[in-house]
Amino acid sequence: MARKWWQDEVIYQIYPKSFRDSNGDGIGDIRGITEKLDYLEDLGVTMLWICPIYQSPMDDNGYDVSDYMALAPEFGDMDDLDELIREADKRNIKIMMDLVINHSSDEHEWFQKALEDPESRYHDYYIFKEGNERPNNWRSIFGGSVWEKVPGRDEYYYHTFGKKQPDLNWENEELRKVLFDMVNWWLDRGIAGFRIDAISFIKKDLTWSDREPDGVDRLAKCTKATRNMPGIGEFLTELKEETFARHRCVTVAEAAGVPYEKMGEFIGENGYFDMIFDFRYADLDIASGSEWFKRLPWTVKELEEKIMASQMIMQKYGWPANFIENHDQPRAASKYLKEAQDNKDAVKMMGAMYFFLRGVPFIYQGQELGMVNFERTSMEQFNDLSSIDQYQRSLEEGLSGEEALRIVNLRSRDNARTPFPWNAEKYGGFTEGTPWLNMTEEYPRINAEAQKGKEGSIYEFYKEMIAFRQHGPYSRTLIEGNIEPVRSGEDVISYRRFTEEESIYCLFNFSGKERTETLPNTGMVPIWGNLEQTHMNGKTIKLQPYQAVLIKENE
Ligand code: GLC
């Protein structure tokens, strides 16, 4: 695969509503991000992915856009954004925006006009069906039917996600053209690229026929009829050719459920996108992304298998986007480390495990501090609409209220959306007002001020790890090198990164106990790790609890 400029990036994801509030209204904003650029530069990241900042009624915190070419006033205006782009550029940091074009908000002018006048051109920008009952039994991702009745008319409109997020009708050529113009307009403004939301949903099964019900609500998961459906490739090719291919930009798609055998179409040399996120290992603890109340047990070996299967497929076709957290996931320390979530060595080990995989690493805000999940005591304390839905569904499916709340606490998307703790002061220095969502209980202990510049902190570890990957003596192998799985024992994840000249074994002990591994050769040299000492003797290495170590093979 030919080298691409974006393969050298380390991307930091910002959830703007919760990053830094510069004007005291309790909601983070663009100026807040600009204020914190020095922090991000110090950490060493090279690009920011900013979750949607477009005008929106915020039913799904910006993933419901009511004007694609205007910004949400609570986040700021175009001058603020231009300033952010300029100031970031001074620090060699690029800006990636979020692109939400599977659906808009029901408050978008197009949808409002479609409701007002069924004869208007905008009516066909969305999916409407006439009749006085639901056209089929598909269940939306955020709960209930995908169909919502139009008030006062015998007509329904379609929504894959929430009721206030009607799907755009990609079958309409004029709509596609309007979307493409908008994408080009943004790329011309100097942004580096897009993270593209829910893009695997743009093509639907046009027979709209019922599916076998899969819940007590007698509905059927819509993903079977709306995700990665035949024909999606034509839309994605057109999207790429009319927009991305005309700019020097990077694209990373949220394209859940792409079958591995189709990965080449998505991220191959001529793929629709540069990278995609693979959720198979992120969602190993749940039945599916839309049914996370159904929890699954898992082992470290299963995690390793899923990660390596993903890595090997991505390597065959292209380049992955690696992550352990995002705004839809719980905190990685809580999910993957469970009782060891507060063990600093464990959190560092976990960070290193995914960071040295082949691909572009994404860091989600607060991950670099080892933030953990919260513990909420009642449903009123949640904001996220999918948490509320999953709670309801688990009750319907027979779980007790206590069990349902426990599960929502474990998996709620709000876990990652709590305001960023800058210091130990009131509301963690996030706002001078009252934050829109409660802080985590841990913020007096886990915050940026307590860690930045403090030896041994998780923040300093991330900073050093980024520098080591980006500018260290083994950078080329760690960035560009190939990857292959390496056999290891229980609780240990291991892989090898290599070029023709150099070979580096990466070992990660997920257990609180010592684990013994056998190396392929004697005379191998530890080059990096999260602990001071590496206990090696001949081919034997005794990994200490939660140790991460990179070991170079001598030529
Ligand atoms: C994506 C986003 C998520 C949002 C959904 C609907 O999955 O990451 O936050 O709720 O799409 O836009």
| said: What's the total number of residues in the stretch 213-234 that are over 27 Å from K177 (Cα atoms), in contact with a Lys or Arg (Cβ under 8 Å, 6 or more places away or on another chain) and not in a helix (DSSP H, G or I)? | reply: 6
| note | Just one listed residue, out of D124, D98, D106, is part of a strand (DSSP E or B) and touching a residue at least 40 places away in the same chain (Cβ under 8 Å), and it is D98
| query | Which one of these is of a type outside the set (F, W, Y), open to solvent by 40 Å² or more (accessible area, probe 1.4 Å) and within 26 Å of V178 (Cβ to Cβ): D64, D79? | reply | D79
| message | Please count how many residues of the stretch 149-176 are within 16 Å of the ligand (Cβ to nearest atom) and charged (D, E, K, R). | response | 3
| field | Scope the stretch 258-290; condition under 20 Å from R393 (Cβ atoms) and either open to solvent by 10 Å² or more (accessible area, probe 1.4 Å) or part of a loop (DSSP other than H, G, I, E, B) (or both); matching residues | value | F279, D283, D285, A287, S288, G289, S290
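Let's see how each residue does on (1) surrounded by fewer than 23 Cβ atoms within 10 Å (Cβ to Cβ); (2) more than 30 Å from V252 (Cβ to Cβ):
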| site | (1), (2) |
| --- | --- |
| L99 | no, no |
| E107 | yes, no |
| G131 | yes, yes |
| Y157 | yes, no |
| task | Select from the stretch 330-357 the residues that are open to solvent by 10 Å² or more (accessible area, probe 1.4 Å) and charged (D, E, K, R) and list them in ascending order. | result | K335, K338, E339, D342, K344, D345, K348
| task | Scan the stretch 299-310 and give yes if some residue there is assigned by TED's automatic domain parsing to the domain that holds C222, within 19 Å of the chain's Cα centre (by Cα) and in a loop (DSSP other than H, G, I, E, B), otherwise no. | result | no
| said: One residue is enough: does the stretch 29-48 have a residue meeting the conditions in the same structural domain as D188 (by TED's automatic domain parsing), among the charged types (D, E, K, R), away from the ligand (no atom under 16 Å from the Cβ) and buried (at least 22 other Cβ atoms within 10 Å of the Cβ)? | reply: yes
| task | Search the stretch 311-329 for residues being in a helix (DSSP H, G or I) and in contact with a strand residue (DSSP E or B) (Cβ under 7 Å, 6 or more places away or on another chain), and hand back the single one that is surrounded by the most Cβ atoms within 10 Å (Cβ to Cβ). | result | Q311
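Among helices (runs of 4 or more DSSP H) lying entirely in the stretch 436-555, which contain 2 or more residues that are among the hydroxyl-bearing types (S, T, Y)? Please lay out each step first, then the result.
On the way: elements: 448-451, 458-471, 475-480.
Because the criterion is at least 2 residues that are among the hydroxyl-bearing types (S, T, Y), the helices (runs of 4 or more DSSP H) in the stretch 436-555 that meet it are 458-471, 475-480.
Hey, among G359, G351, which residue is at positive phi, at pLDDT 95 or above and not polar (S, T, N, Q)?
Among G359, G351, only G359 is at positive phi, at pLDDT 95 or above and not polar (S, T, N, Q).
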| note | Within the stretch 409-435, the residues that are assigned to a helix (DSSP H, G or I), open to solvent by 10 Å² or more (accessible area, probe 1.4 Å) and small (G, A, S) are G429
| field | Meets criteria (open to solvent by 20 Å² or more (accessible area, probe 1.4 Å), modelled with pLDDT of 95 or more and not assigned by TED's automatic domain parsing to the domain that holds G44) for E119 | value | yes
| Would you call F111 among the hydrophobic types (A, V, I, L, M, F, W, C), touching a strand residue (DSSP E or B) at 6+ places or on another chain (Cβ under 7 Å) and either away from the ligand (no atom under 16 Å from the Cβ) or open to solvent by 40 Å² or more (accessible area, probe 1.4 Å) (or both)? | no
| request: Take the stretch 541-555 and flag every residue that is more than 32 Å from the chain's Cα centre (by Cα) and either touching a residue at least 40 places away in the same chain (Cβ under 8 Å) or open to solvent by less than 50 Å² (accessible area, probe 1.4 Å) (or both). | output: I541, E553, E555
| Is it true that D197 is touching a residue at least 40 places away in the same chain (Cβ under 8 Å), touching a Ser or Thr at 6+ places or on another chain (Cβ under 8 Å) and of a type in the set (D, E)? | no
| Test result for A287, under 26 Å from D389 (Cβ atoms) and within 16 Å of the ligand (Cβ to nearest atom) | no
| field | Of residues in the stretch 180-221 being crowded, with 16+ Cβ neighbours inside 10 Å and aromatic (F, W, Y), the one farthest from the chain's Cα centre (by Cα) | value | F180
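The values are calculated or read from the model by the stated rules, or taken from the named source; none is laboratory data. Here the structure is a predicted model, which is why all the values come from computation and not from measurement. No Cβ is skipped: glycine too gets one built from the backbone with ideal geometry, and neighbour counts run over all protein chains shown. These area figures cover heavy atoms from the full protein model, side chains too; ligands, DNA and RNA do not enter into them. Shrake-Rupley method; radii C 1.70, N 1.55, O 1.52, S 1.80 Å.
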